[in-house]
Each structure stands twice: as C-alpha cells, then as structure tokens.
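The values are calculated or read from the model by the stated rules, or taken from the named source; none is laboratory data. Everything numeric here is computed off the predicted structure, so don't read it as measured data. Glycine gets a Cβ as well: all are built from the backbone with ideal geometry, and neighbour counts include every protein chain shown.
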Amino acid sequence: MIMRVTDGMRIQASLAHLERARNGSRGVLEQMGTQQRINRPSDDPAGVERLLEWKTVRGDIARYQDQIRQTSQWLRMTDLALGHAADLIGQAAELAEGNVCSDEANRQNAIRALEAVESELFTLANTRCGERGLFAGSAAGVAPFARDTDAFGNPIVRYDGNDESLVATIGGNATLEYSVSGTEAFVQDGRSLFQVLADLKSALGSGDGAAIGQLRIELNGFRRQTTQVQSISGVRQQRLQSAAAHLSVLDQKLAGLMDDAQNVDLAELAAAFAMQEVALNASYEITARIGDMSILAFLK
Amino acid sequence: MAISSLLNVSRDALMSYQGAIQITGSNIANVSNADYTRQRAVLTASSRLSSGEAGLQTSVSLSGVDRIYDRFIEAQILDATTSGGYCQTRSDVLGQVEILFNETAESGLGNDLVHFWNAWGSLASEPSGLVERNALISAADTLASGIGDRCQSLQSLRADVGEAVVETVAKINSLAADVASLNDRIVSISMSGGGVNDLLDKRAAALNDLAQLLPIQSVEVADGSVNVFTAGGEMLVGSKDSRSLSATGTDIVFSGVPGVPLNDRIGSGRLGALLELRDGTLPGYMNRLDQLATALVTEVNAIHANGVDATGAPVVGTRFFSDLPVGTSAALSMKVDAGILADPSTIVASQAAAGDGEVARRISALNAQAIVTDGGGLVKAGSHWAATVGLVAGDVSTIQRRTEHSEAVLNQLQSKRESVSGVAVDEEMVLLIQYQLGYAAAGRLCSAAEDMLETLMKLVD
C-alpha cells in the first residue's frame, strides 16, 4: 500500500527539521559565546554536581592556604624573635661569666649592659603579630609581659598571657598548634627569665661570685630552651610548607578537572558549528522548495 | 427508454458531480486546518424504473460523505497528547526552578557557603577583629538571604502552580461541557439525517484539548456520541451531560459528590503535572533547603552557645542565628540574630580564653563535617547543596528528554493521522479533474438528449 504524503506532512516535517537545525545551532552558538560546556545545570546534572563539589573543595583549599600563609608569617616572626632572644640571653650569660670575679667598676658596667639586654628581651617578649602578642598564648589584645612590683615593692615582670596554644586548620582534619607561650619561651623550672636577670643584676651589684656563676648556668639553660623552642617552630614551619605544597598540587588538579568538565574545545565546536550551518541551510533550501513540488505547478 | 429519462440521468450526474466538487472544495479550503478530517464523496449507481425495453436505467447519486479517519490512531494521539501535556507543563515549571538553582555562574549559594565558612576562619585568626566580625555578619546574612530567597521563590512558584490547578480544572469543566454539548448536537442532527462531519472534527479537537489536561479514555457509542472517562474509570462526559470537577483545598473531586479525592489517579496530563509539582516536587526542593538551614542554624548555634567574651568571661546561650520558630519553614526563618546584628562584638569567637578563636575555628571546621540530614544519613553542607542542585538539574534534564521523546512520538502519530485524514492537494486536484470531467460529460449527455429531441421534433414538423 502506497503511503499518502500530504502537504501538511511535508510542511510539518520541514518545520521539524528547521526547528532541530535551529536548536542545534543555538546550542553550539551558546557554547561558543560562553566558551563553557555547561551553561545551565540541566546541561549536565552529574557534571554540575561534581563542579560544585570541586568548587567547595577549592574554597576550602583557599581558606587553608590563607591560614597557612598567616601561620607561616607568625612562625617566621617567632623564629626571628626567639633567635634574637637566644643571642641576648647568650650575651647576658657572657656578662655573668666575665664578671664572676671582676671589680666593682666592671660589675657596674655589666649591670648597665644587663639592663639594656633585659629591656631588649622585654620588648622581644612583647612582640606582636597583628593584634596578638607572639608569646601571649591564646590571649589576644594584651601585652604578654608587664612590669609591676611585688609585695615588697621590688620591680618584677608579670606574665599576662596564658599557656594555651593557637591552632590553625590547615586541612580537612588537620590542625596545627603554632604559638609559643611566654611560659614555654621564658620560664624554666618555675623561674622566669626576667627574674633570673633581676637576680643576676642583684648578684653583680653585691659581687656574689657564687651566685653569678649559678645564674650563668641558669641563663645557659634558658638559651638552650629558647633554641629548642625555635627548632620546634622550624619543624612547624616545615609542616606548613609540606601542607601548602600538597594543597597547591590538589588545587591545580581540581582546577584541571574543572577546566576539562566546564570548558569547551573550540576547534571541536567550530567543526560542529559548520555542520549545523550546513544542516540549517539545507533545511532552508528544502523548505523554500516545498511549494514547487505540487501538481498545481503543472496545471498553470 | 424514453429520451427524457436521459435528461434525468444527466441531471442526477450533474448534481452529483457538483456535490463532489463542493466536497473537494471543502477539502482544499481546509488544507491548512490541523483539526480538519478530509471528506470523500460517495458516488453510487442508482437505478430508476423506465418504461422502455430495458426496464431499468442506472444513474448516479451522491449517497454520502465519508469522513476518513482511523480511530486507533486517534486513540493513540489522545494518549500521546496527555503525556505531552504532562511533560510540557513539568518542563515549563522546572525550567523556572532551574534558574533559581543555576550555580554555573560565579555567584550562587555554593559560593555563599564558602564565604560563610571562610569568614569564620578569618575570625578564628583574628577573634577580636571588628572587620572580621562585620565580614562574618555580612557573609552569614548573604547566606541566610540566599537560602530564604530561594525558598520564597519556590513558595511563590508553588502558589502559581496552585492557581494553575484551579484554572486547569475550570478549563477541563468547560471542555467536558463542550464535548457533552457537541454529543447532543451530533446525535440529534444524525437522527434527522444531516451531516455532522464538522461537528465530529470539533468534538475531536475538544477531546484532544481535554486529553492534554487530563488522562482520559473515550468510547464511541452507537448513536454517535462519545463517553469520556477519567483514568480512574469515573465517567466525565456522557451522551448529553458532563460532570464537573472542583479543586477543594488541595483535593480534586467531582463537584457535589463527596468522596475519595481523584489526585492519586491523575498521574498525567497538565493537571497531573501540576499536582505532582505542587504536592511533591516543589515541596521536596523546599524541604532540602529547610534541611540545610536547620543544620546550619542548629550546629552553628550549638557551638556558638558556649564560649567566652572579649574579656574572657564565660558566655552561655548566645545565639548566632535566631531560633527557628516551630512549625515554620527553617529556610524562610533563617536569619542572623538581632543581638549579633546590633552589636558584632557579641559574636562568641573564643572557647576557653579571650582570643583563642576556638569557637570560630570549630564553626569553620563544620564545613568538613557531615551535619545535614539527607536521606538516611548525614552529609556535608556543601555536598548537600551540590546534591540539591544535581537533583533539580537531573529532574529538569529528565523531563526535557521526556518532552523531546513525547513530542517525537506525538509528531509521528500526527504524521500518521495526517497520512490518513489530512488533505493532499495533488490528490484533490486529480479528483477535481475527475469530477470536472464527469460534470462535463453529464452536460454533454444533456446536450445530446436535447439534440435527439430536436431531431424528433423536426420529424414531427
């Protein structure tokens, strides 16, 4: 049986072909314009879900990297301060060593030098990074060390910080305690460095050689402690660098994945566009000739 | 045979071919009318008694006008139209939803979430920083507004869909009444012997429109009327009357007949799509936003409730987000607490000592924790949002594919219908030539009879 092909069928078919060709061109043109394969979520539901997950992870990475940058800056300042403190403590120890048996005049000179060292150490102990004291523990907005007097009116240096550590989040489940409290840096066996320096000043004033010798030993202990804390800080710095490198690689890989999922291949798109253009032109050509294919043309 | 009977035959033929040409003319005139069903003149030989030797003379008469259609194709088109109505409606509405969930640009709720967690991270580094506190409030407010705005838009869309349900029910009632009225006219005109093809076309078009709105089954009755049933088997249109539906609250019922709502049995057509969107799909999306908002408010407030203030004094019960009122949408109610907005210094950032930033750090770390209820388990907030966008995108993509498929099926069926019932100009032109030829021949017969009579008259003279 011969199928009847009516004029309506031919027109419907032509319209459908035109519509399909136009839609194809529109899709390709949109991708060329935005240079993105996914222009709305329904273009690739699974792809858009993956992209969002990756975007969130990259947001986390950016936050961790920011934390690492800030923490790294803190650790560099801590390293500098502790290094300088170790040098100053060394100078104080040398003053003690050189004045165990010295005369009054030399001891007075040593006291003046010691006062300068103590003042510089006091300043170092109160070094700030942003709003925080480097050696204040987790306390913010306070100077960790303050000058005061004891019950007998003797000058003392009081510690106003705490022994808590600041914590940085440097990964999904990775944290790093990075701050050094004033106690860790400047207190040994319950004795503050500033108390030892004050005692040394007194011993130098009274010329008590035995006490000066003992205090020299204590100061050497403080120098070792400071150096040890500085090395711990260095280890933390290395851990940060390792975490930063890992995050950087992860971020690059995610950026690559997102690029592959999101961005179009322009060469491929140009070829597709050319094909769509041919299809569209062919559809126009056929539609234009629909009217010619009729018996009416022969009955004129 | 009398010569005058030749004139009668000629007259019959002239009238028959004239009628056939009129029918061809109707076909040609309706060549672009999609609802039109082509008609065909039925010419039959008619015998008339004659006093001549042959005794019988055969003439021609236009005994009827056939309406050429295939009832099986028509039934298939009704089904495909119902499916098309469902897909198109769902696709249109979900297309609007997709705009709300378009996360392909740089902005979006996913970014708002990242900024929110980052703001807590910055506050953890600088717990006493006013800039960090203000930035956090801004990020939290943006996030809460983002969730709330999306939920509000979904709610408005749902209200629009609810109005569309009422409008669609009214349209169904109107079309059902039209079909009943056409049934009545078709039966009465048929009984009086009149032509009803135009009315049949109108009824078919009305049924088609009805099928787009509601899944129906139509059954032709011997008297020419059709009975229309809903998918559940309830009669909607009888031979003369129709029943009307009404949207009572959220239920669709037959007017004046208290009974079981029809909602569950209207699974397709425009009305089926609207009911599914109103009662299932859109509330589902809103529920996911509520889940996200509830988790964020609960978890953030739980950590924020215990800490120390700027002076190190313990603080208990301070909320970051306002409490969620019972019985209302969490997504719509989510907002930064008024106390925090009024005084950013009341944000609790530290846990044990002023400035330790532990509270802010723990809240920032919530990003990596599974805190949002999703299905049977817990997922991270970012993953929940990504899954929500993926769900919407999947729904849109699925319905777009179904719409394309449904359109292709409908186009194919319409093409089949067109092949059977459509007008082909070529065919009509050939028939026109054929009928014209018949008409001319009949005229020639008349002329010959006249010549014969004239010859006889001359003999008499």
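Among the candidates A:176, A:215, the residue that is in contact (Cβ under 8 Å) with a residue 40 or more places away in the chain, within 14 Å of chain B (Cβ to nearest Cβ) and either buried (at least 17 other Cβ atoms within 10 Å of the Cβ) or assigned to a helix (DSSP H, G or I) (or both) is uniquely A:176.
Being closer than 29 Å to residue A:80 by Cβ, in a helix (DSSP H, G or I), more than 14 Å from chain B (Cβ to nearest Cβ) and over 29 Å from the mean Cα position of the chain (by Cα) holds for only one residue in A:224, A:236, and it is A:224.
Residue-by-condition table, conditions (1) touching a Gly at 6+ places or on another chain (Cβ under 9 Å); (2) more than 11 Å from chain A (Cβ to nearest Cβ); (3) part of a helix (DSSP H, G or I):
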| site | (1), (2), (3) |
| --- | --- |
| B:318 | yes, yes, no |
| B:341 | no, yes, yes |
| B:348 | yes, yes, no |
| B:360 | yes, no, yes |
| B:371 | no, yes, no |
| B:386 | yes, no, yes |
| B:404 | no, no, yes |
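Here residue B:136 fulfils each of the conditions (1) part of a loop (DSSP other than H, G, I, E, B); (2) touching a residue at least 40 places away in the same chain (Cβ under 8 Å) apart from (1). Take the conditions (1) buried (at least 17 other Cβ atoms within 10 Å of the Cβ); (2) within 12 Å of another protein chain (Cβ to nearest Cβ); residue A:93 misses just one of them, which is (2).
Contact map, the stretch A:252-267: first residue surrounded by 12 or more Cβ atoms within 10 Å (Cβ to Cβ), second residue charged (D, E, K, R), Cβ cut-off under 7 Å, separation 6 or more or different chains; pairs are A:254/A:58; A:261/A:50; A:262/A:37; A:263/A:37; A:264/A:37.
Under the condition of being exposed (fewer than 14 other Cβ atoms within 10 Å of the Cβ) and either part of a strand (DSSP E or B) or of a type in the set (Asp, Glu) (or both), the residues counted in the stretch B:242-257 number 2.
The set of residues from the stretch A:139-154 being within 14 Å of another protein chain (Cβ to nearest Cβ) and at pLDDT 85 or above comprises A:143, A:144. Of the set (1) facing chain B (nearest Cβ under 10 Å); (2) surrounded by fewer than 17 Cβ atoms within 10 Å (Cβ to Cβ); (3) at pLDDT 90 or above, all apply to residue A:19 but (3). Within the stretch A:159-172, residues that are acidic (Asp, Glu) have Cβ atoms under 8 Å from residues that are modelled with pLDDT of 85 or more and not in a loop (DSSP other than H, G, I, E, B) in these pairs: A:160/A:136; A:160/A:145; A:160/A:146; A:163/A:181; A:163/A:183; A:163/A:184; A:164/A:181, counting only partners at least 6 apart in sequence or on another chain. Applying the criterion of being in contact (Cβ under 8 Å) with a residue 12 or more places away in the chain and within 13 Å of chain A (Cβ to nearest Cβ) to the residues of the stretch B:430-458, the residue that is farthest from the chain's Cα centre (by Cα) is B:436. Scanning the stretch A:31-42 for residues being assigned to a helix (DSSP H, G or I), of a type outside the set (S, T, N, Q) and at the interface with chain B (Cβ under 8 Å from one of its Cβ atoms) gives a total of 1.
Inspection of the stretch A:134-148 identifies at least one residue that is farther than 19 Å from residue A:200 by Cα and under 20 Å from the mean Cα position of the chain (by Cα).
Quick check on the stretch B:321-336. Is at least one of its residues within 29 Å of residue A:173 (Cα to Cα) and within 14 Å of chain A (Cβ to nearest Cβ)? Within the stretch B:321-336 (the criterion being within 29 Å of residue A:173 (Cα to Cα) and within 14 Å of chain A (Cβ to nearest Cβ)), the answer is no, since none of the residues qualifies.
Within the set A:125, A:140, the sole residue that is buried (at least 21 other Cβ atoms within 10 Å of the Cβ), free of Cβ contacts under 8 Å to residues at least 12 places away in the same chain and in contact with a strand residue (DSSP E or B) (Cβ under 6 Å, 6 or more places away or on another chain) turns out to be A:140. Determine which single condition residue B:341 fails, assuming it passes every other condition in (1) under 28 Å from residue A:59 (Cα atoms); (2) surrounded by 15 or more Cβ atoms within 10 Å (Cβ to Cβ); (3) aliphatic (A, V, I, L, M). The single condition residue B:341 does not satisfy is (2).
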